[in-house]
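To keep things clear, I will list the structure first and then write my remarks on it.
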Amino acid sequence: MFLPLTIAVAVTALALAAWCGYAAVKDQSTKDWHFAGMAVVTLLAMAQVVVGLVQLGRGEDPDEGTAVFVAYLLAAAFAVPAVGLLSLTERSRWGSATVAAGGFVLAVLQVRLHDIWAGTGG
Amino acid sequence: MAERPAAGEPRARGQAGLSNGPGRLILALYGVFAVGATSRAVYQLSTQFDEAPLAYVLSALAAVVYVFITAALARGGETARRLALVCITAELVGVLAIGTWTEVQPSEFPDQTVWSDYGRGYLFLPVILPVIGLWWLRRQPARERPGAPSPE
């Protein structure tokens, strides 16, 4: 259950990054549809928090420790709302660029989350 | 990168100019590093300090610098701009010094710091960000204030 969600969040986050990056290149600010996209990514990330905590509650043990895992889960859930707020008050291409950066960071967080949960053996 | 803020929208030359336009993206990236470096330092110092004390103390130092820069950029104004200039210069010196140190004497560093190998683990952003940050702060005009010396 956790891995499919991780992939879903990573893919949608990258799509959001590409979409808002495109808006930035075209010199456009974030529009309502961008915020709808951010909502979708955020809902997925919040679902991931719930699933992650449930799995911890069932006694499963993240490879790199519970504290690190929970910290990354929460950071992932707050990443897109944070850049969304920043772009609300920056109505220029740079607001879009900020959301694009946030989406990319979220995708990187997902790779780390996967490592923390499953271990890389390296 | 555009040289000036996007045209078309009149932009108030407010006090908080540091986080307008491109500054918004710079603020977000510094925010990521502030949160990341701080949590990493807290975790390492509290659970495994003895494994690599030097690396972890330097990580904590980096975290403090990132937090100061983020706060200064968010706050804006001339005092904050000067504080940010000092901190970003310290950041650049830090990442260059520690990057070189980790190349020359890797044995001193059993574990990574944010600034190891010039920030390779973080897409070299730790060395790119301060350069962009300094560029951004240098092109901010000194805020006009009654009694403040005018810029040359």
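The table that follows gives values for the structure above.
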| read-out | value |
| --- | --- |
| Global form of segment B:18-138, assessed from the alpha-carbon gyration tensor, a/c cut-off 1.5 | prolate |
| Expected 222 nm ellipticity per residue - DSSP helices of 4 or more, -39500 (n - 2.57), all of chain A, to 500 | -28500 deg cm²/dmol |
| B:V86, A:V108, A:V49, A:V9, ranked by accessible area, largest first (probe 1.4 Å) | B:V86, A:V108, A:V49, A:V9 |
| The protein assembly as shown shape via C-alpha gyration tensor axes, a/c threshold 1.5 | oblate |
| Inter-label distance, nm, simple model (7 Å from Cα along the C-beta direction), A:V11/A:L53 | 2.7 nm |
| In the A-B interface, the accessible area buried, summed over both sides, Å² (probe 1.4 Å) | 1300 Å² |
| For A:66-78, mean number of other protein chain Cβ atoms within 10 Å | 2 |
| Shape of segment B:45-98, Cα gyration tensor, a/c cut at 1.5 | oblate |
| Among B:V42, A:G65, B:V67 the positive-end extreme of the charge dipole of the protein assembly as shown (Cβ point charges) | B:V67 |
| Pairwise label distance in nanometres, B:R139 with A:V70, each label 7 Å out on the Cα-Cβ vector | 4.5 nm |
| Equivalent ellipsoid semi-axes, segment A:14-122, via Cα gyration tensor eigenvalues times 5, rooted, Å | 30, 13, 10 |
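The values are calculated or read from the model by the stated rules, or taken from the named source; none is laboratory data. Because the structure is predicted, anything quoted here is derived from the model rather than measured. Don't worry about glycine lacking a Cβ; one is built from the backbone with ideal geometry, like all the others, and counts go over all protein chains shown. SASA here: full protein model, heavy atoms, side chains in, ligands and nucleic acids out. Shrake-Rupley method; radii C 1.70, N 1.55, O 1.52, S 1.80 Å.
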